[in-house]
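Before I ask anything, here is the structure I am working with.
Throughout, read-outs are computed from the coordinates displayed, never taken from laboratory work. No experiment lies behind these values; they were computed from the predicted model shown. No Cβ is skipped: glycine too gets one built from the backbone with ideal geometry, and neighbour counts run over all protein chains shown.
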Amino acid sequence: MHGTESSPRSAPADAIPFAFEPGGFLLVLSGPSGAGKGTLVDHLVASRRDCVFSISATTRPRRPGEVDGVQYEFVSREEFERRRSAGLFLEWAEVHDHLYATPARFVDDGVRAGKIVVLDVDVQGGASVRRARTDAVSAFIYPPSIDALRQRLLTRNTDAPDVVELRLRNAPGELAQWREYDYLVMNDDLGLAVARLEAIVDAERARVKRLRPAR
């Protein structure tokens, strides 16, 4: 009829999805030593069944209380270099005189299965992952102050005093990298920081590009 707007053509009812399955993605958490990355990862993985922690391989010595295959996979430098040469790592870096790497297969399998694969890496590792996986979501964990970093490093009592000082000397340069990340999580209060991180995960889970109609 003239003078009226035509209604948009309706899609068949059976073509309209009413349930969606979110796709998986890689979540990269970085920050200086003592920023609280590990604690946030523990809370996130414990509270969400859709999150899995990607265990990195490292040549650094095991700290008291650490278990091989839980916090890290502890390997010799020779074994690390063998795996690196075989192309088994998504990224690798040398930090504080020790080698660290992310196994590629675990990440790829988890994302394909619809999981959020969480990496806890230093800023060097974060940069490497972002170059290798442009689809990764990255968040920088920011401490309230250098003094807070020092206190946390001393309180956890896992490193020799000279190692603590080395980490603190490197911290300003690491903190300067926060602009390279998608999100910043200020870890001044653990409860609030966990809530901020979960909000990021929820927002990324709802991105249209990752959604597919449920079968």
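Express in nm, to one decimal, how much length is gained between Arg49 and Ala86 on full extension, taking 0.36 nm for each residue of separation and deducting their alpha carbon distance. Could you put the intermediate results ahead of the total?
Details: separation 37, 0.36 × 37 = 13.32 nm, distance 3.18 nm.
Once the chain is fully extended between Arg49 and Ala86, it gains 10.1 nm.
Using the number of other C-beta atoms within 10 angstrom as an exposure proxy, rank Lys115, Lys209 with the fewest first.
The fewest-first ordering by Cβ neighbours comes to Lys209, Lys115.
Over 23 Å apart: what share of the alpha carbon pairs of the range 15-136 falls there, rounded to a whole percent?
Here the long-distance tail beyond 23 Å is 31 percent of all Cα pairs in the range 15-136.
Counting helices only, and only those DSSP H runs with n ≥ 4, report the 222 nm mean residue ellipticity of the chain as the sum of -39,500 (n - 2.57) divided by its residues, in deg cm²/dmol to the nearest 500.
Numbers: 7 runs with 81 residues, N = 215.
Rounded to the nearest 500, the figure is -11500 deg cm²/dmol.
Calculate, for Phe106 and Thr155, the FRET efficiency according to 1/(1 + (r/R0)^6) with r their C-beta to C-beta distance and R0 35 Å; round to the nearest 0.05. Mind dumping the intermediate values first?
On the way: r = 31 Å, r/R0 = 0.89.
Efficiency at R0 = 35 Å is approximately 0.65.
FRET efficiency for Glu198 and Val163, Cβ-Cβ distance as r, R0 = 45 Å, nearest 0.05?
The value I calculate is 0.90.
How charged is the neighbourhood of Lys37? Take every other residue with its Cβ under 12 Å from the Cβ of Lys37, and add Lys/Arg as +1 and Asp/Glu as -1.
Net charge in that neighbourhood comes out at -3.
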